[in-house]
1. Can you name the condition, by its number, that SER92 falls short on among (1) touching a residue at least 24 places away in the same chain (Cβ under 8 Å); (2) under 17 Å from the mean Cα position of the chain (by Cα); (3) closer than 26 Å to ARG12 by Cα; (4) surrounded by fewer than 17 Cβ atoms within 10 Å (Cβ to Cβ)?
2. Considering only residues that are surrounded by fewer than 19 Cβ atoms within 10 Å (Cβ to Cβ) and outside any loop (DSSP other than H, G, I, E, B), which ones fall in region 72-89?
3. Output the residues belonging to region 113-161 that are over 18 Å from TYR204 (Cβ atoms), among the polar types (S, T, N, Q) and touching a residue at least 40 places away in the same chain (Cβ under 8 Å).
4. Could you grab me the full set of residues in region 148-200 that are over 16 Å from the mean Cα position of the chain (by Cα) and at positive phi?
Amino acid sequence: MNTVQENLKHIRDDIRSAAAKSGRDSEDITLLAVTKYVTIERTKEAVDAGIVDLGENRIEGFLKKQAAIGEKAVWHFIGSLQTRKVKDIIESVDYLHALDRLSLAKEIQKRSSKKIKCFVQVNVSGEESKSGVSPDETIAFIRELAAYPAIEVVGLMTMAPNTEDEDVLRSVFSGLRQLRDEAAAAHMAHAPCTLLSMGMSNDYKIAIEEGATHIRVGSALVGPY
């Protein structure tokens, strides 16, 4: 298995290349190390290699790794969050990538003592297996979130289909970008909506070319699961 440092070098090169291809600055792209299937030791290796942003989708793993690593990292919860579990984790989250329903927003408002930076999850592909707000309901949903002062909508998130069809991937990623632009153009005080969380180990280069600001990379960075 490669070291995280070795993997990181290749990914940083890819980020620079994809950013240049789309006329963007690679410094504007945040790399999240998705550490949900690796050990605390491997996660620490990522932090030691210079990774600042860590993504987890299971509460137990999130809390254990945060206890071990603490303020050296920015903590992103990237998985579907059950309403009844909000109280267990929300005070420890820096970014939540999967806000997809009002019941979750209500619970965040009830449980959080700080403003939470949230990505609204959008099911751009329309797959039944994926969570998220439908594209045609996204702007209205974001408007409704104005009623919850604990929530700041910093951007949108999506999960692309598991496919190697580049046209399909580009369609999903560009669709999210267009929605983000529409939301940002509405100038909602609670929803600056400047960020795009999209792209994983198999498709992050395409996601960057289509406008991703946050890519969620697991196996390509911290190793096979």
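A short reminder: the numbers here are calculations on the coordinates, not readings from a lab. Model, not experiment: these values are computed from the prediction. Because the Cβ atoms are built from the backbone with ideal geometry, glycine has one as well, and the counts that use them run over all protein chains shown.
1. Unmet condition: (3).
2. Hits for region 72-89 are LYS72, VAL74, THR83, ARG84, LYS85, LYS87, ASP88.
3. SER131, THR138
4. Residue satisfying the conditions is HIS187 alone.
For every residue, the table says whether it meets (1) part of a helix (DSSP H, G or I); (2) of a type in the set (Val, Ile, Thr); (3) in contact with an Asp or Glu (Cβ under 8 Å, 6 or more places away or on another chain); (4) closer than 27 Å to LYS130 by Cβ.
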{"site": "GLU27", "(1), (2), (3), (4)": "yes, no, no, no"}
{"site": "LEU31", "(1), (2), (3), (4)": "no, no, yes, yes"}
{"site": "GLU45", "(1), (2), (3), (4)": "yes, no, no, no"}
{"site": "GLY50", "(1), (2), (3), (4)": "no, no, no, no"}
{"site": "GLU60", "(1), (2), (3), (4)": "yes, no, no, yes"}
{"site": "LEU63", "(1), (2), (3), (4)": "yes, no, yes, yes"}
{"site": "ALA67", "(1), (2), (3), (4)": "yes, no, no, no"}
{"site": "GLY70", "(1), (2), (3), (4)": "yes, no, no, no"}
